[in-house]
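A short worksheet on the structure shown next.
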Amino acid sequence: MQDSGTNNEPTIIKTDVDSQNGQEKCPKCGSTDISTNANTGKLRCNFCRHEFEAEKVKGLVENISQLQGQVIASGATDIVADTKDILTFKCSSCGAEVVIDTSSASQARCHWCRNTLSVNQQIPNGSIPDVVLPFSVNKETAQAEINKFVNKRKFYANPNFKKEFTTENIMGVYFPYMLVDINAHANFIGEGEHQTRKYFEGSGNHQEAYYDADLYHVEREFDLTINGLSIESSLDKLNNTSSNKTNNVINAIMPFDVENSVKFNANYLKGYTSERRDVNIDELKSIIDTQAKDIARFTTNKTLENYDRGVAWSSEQMNIIGEQWKAAYLPVWLYSYQEVKGNKKVLHYVAVNARTKETMGSIPIHKPKLLLMSFLVEILGILLMLFIDWDLSFIFLALGFIHYFFFYLSYRNSNARHTYETDTKNSMDNLRRVDNFLKSKKRLRNMTMDGANNYALSGQNLSNKILNQFTGKNISNTVVNTIANNNAVASFIKDEIDKK
Ligand SMILES: [Zn+2]
Ligand SMILES: [Zn+2]
């Protein structure tokens, strides 16, 4: 299919071969009024109700284990800066000239005869992708999901927000993504620990936990195929740690069933808005390759059950044999609300995946109310600590803080994200494993192995680093820190309870 294994030139596969610009007519009645049936995700003639069979994109590599070199679908090729956005067509029904501004739409109606004209052939300005995943969740269903999400989070919500909240104006948006298939060979080498004994020494309140463990030399070498790893391809939505837009909640509604994507056709966009792609493969490749390595690392965990104290990989090799890139529009129902705090504005989103109904959002918080309630809870905690005789009564002291952070996170969901490392389709083949006993270790103080990194994630850090270069701002990695802190607190409490 392609011969790029020997050189570094990418193979470009044209995906818009049979696409026609201009009028597209219903084969039954000739009407150009065609749009998506949001119950089936298929195209339908609005005049005679004829439904069209979805067209699949042709020419791409289907068997990812055969993928070699870099394969790029033509809609994912680099954006050309001076591409004209304005296209003019002659209406084939009445001969009038129809203008389409492709920066905001790929369809327009003829003013004279009301026929619809579409742009389906790719123009290198990022507005025409290779594939589209049609809306299959209708507006009413999305409204119900958003209402359900918001109604659970009303008590501490900002009073203005509560007054103004309505799902009337939610928007159906096609956001641009890149879908990447990867064929790789991975080799992980390191050491793992298996706990053999846990015991306590000392007396009363001075008990200390100790662990004995067996140390092994561990190797996992395997072929890995990854299908449809998805990443935002607009600079704005890529910025998941923006302080004035809650983009991370849109990121969190992934994954989409991208395997059901169909060939792009402008009729799918009718009735919805779309945002065009403004980043190229070069800018996304390092994020994708690092996320692919994270997927490889998480895939090995299925083979590491014996190492309950963790595995410390000292060598992680990931050789990417082939990579295939497609540009896609994926469907999202979006509610947005602008919160104004002094001169700071924060745009809150509630987003619904218009394929899976997965919903995530950010609700503006009424801070004074949350602080007051947390303060009252804290006082209650102090009273409980004074009057209840329990060795762990110090936990009561944290109640106010726990209350605050629990509600802060469940309203703002600032830690929500796409868990690509476990949610991306992949398959591990031809596994070679080595598990050689090295030695027994005694009287260890930590409940997990020193330097264990088999659950480490680097993709999230990396995308922030790259964005920092774009934005010049320093974005802290709240996600990783939150996970790390939660684990530390959880293992501390677990240890304290185990002692009893
Ligand atoms: Zn028709
Ligand atoms: Zn016309």
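The alpha carbon centroids of the range 209-278 and the range 156-191 are separated by 8 Å. Note on the chain: helix-only mean residue ellipticity at 222 nm, from DSSP H runs of 4+ residues weighted -39500 (n - 2.57) and normalised by residue number, equals -7500 deg cm²/dmol.
The aspartates and glutamates whose alpha-carbon is closer than 15 Å to the alpha-carbon of residue 367, local same-chain residues fewer than 8 away aside, are 339. Using the alpha-carbon atoms, what tilt in degrees (0 to 90, nearest 10) does helix 478-499 show relative to the longest principal axis of the chain? The two axes meet at around 30 degrees. Once both labels are positioned 7 Å from their Cα atoms along Cα-to-Cβ, the gap between residue 84 and residue 402 label points is 6.6 nm. Working note: Karplus 6.51/-1.76/1.60 with θ = phi - 60° gives the range 282-298 the couplings 3, 7, 9, 4, 5, 5, 4, 5, 6, 5, 4, 5, 4, 4, 4, 4, 5 Hz, where Gly and Pro are set to x.
For a straight C-alpha distance cut-off of 13 angstrom, the aspartates and glutamates reachable from residue 154 (same-chain residues fewer than eight places away being disregarded) are 164. Here residue 439 is the anchor, and the lysines within straight C-alpha reach of less than 18 Å, apart from those fewer than 8 places off in the same chain, are 198. In this structure, the pairs whose alpha-carbon distance is over 19 Å, taken from 139/237; 58/425; 152/357; 139/357; 148/357, are 139/237; 58/425.
Pairs from the list 245/326; 14/245; 285/344 with a Cα-Cα gap above 31 Å: 14/245; 285/344. For the range 180-499, what's the relative contact order in percent, using C-alpha pairs closer than 8 Å and at least 6 residues apart? In percent, rounded to a whole number, it is 31.
The C-alpha atoms of the chain define a longest principal axis, and helix 399-412 lies at about 10 degrees to it. Counting only the Cα atoms, the range 180-499 fills a convex hull of 163 Å³ per residue. Helix 367-387 and the long axis of the chain differ in direction by around 20°, with both axes built from C-alpha atoms.
For the range 142-239, GluC sites (Glu not before Pro) are listed when DSSP marks them as loop and at most 14 other Cβ atoms sit within 10 Å of their Cβ; the list is 168. Summarising the amide proton neighbourhood of residue 365: residues at separation of 5 or more, or on other chains, whose placed amide H is nearer than 5 Å comprise 158.
Each value in this text was obtained by applying a stated rule to the coordinates, not by laboratory testing. For clarity, every value in this text was computed on a predicted model and none was experimentally measured. Please note: Cβ atoms are built from the backbone with ideal geometry, for glycine as well, and neighbour counts cover all protein chains shown.
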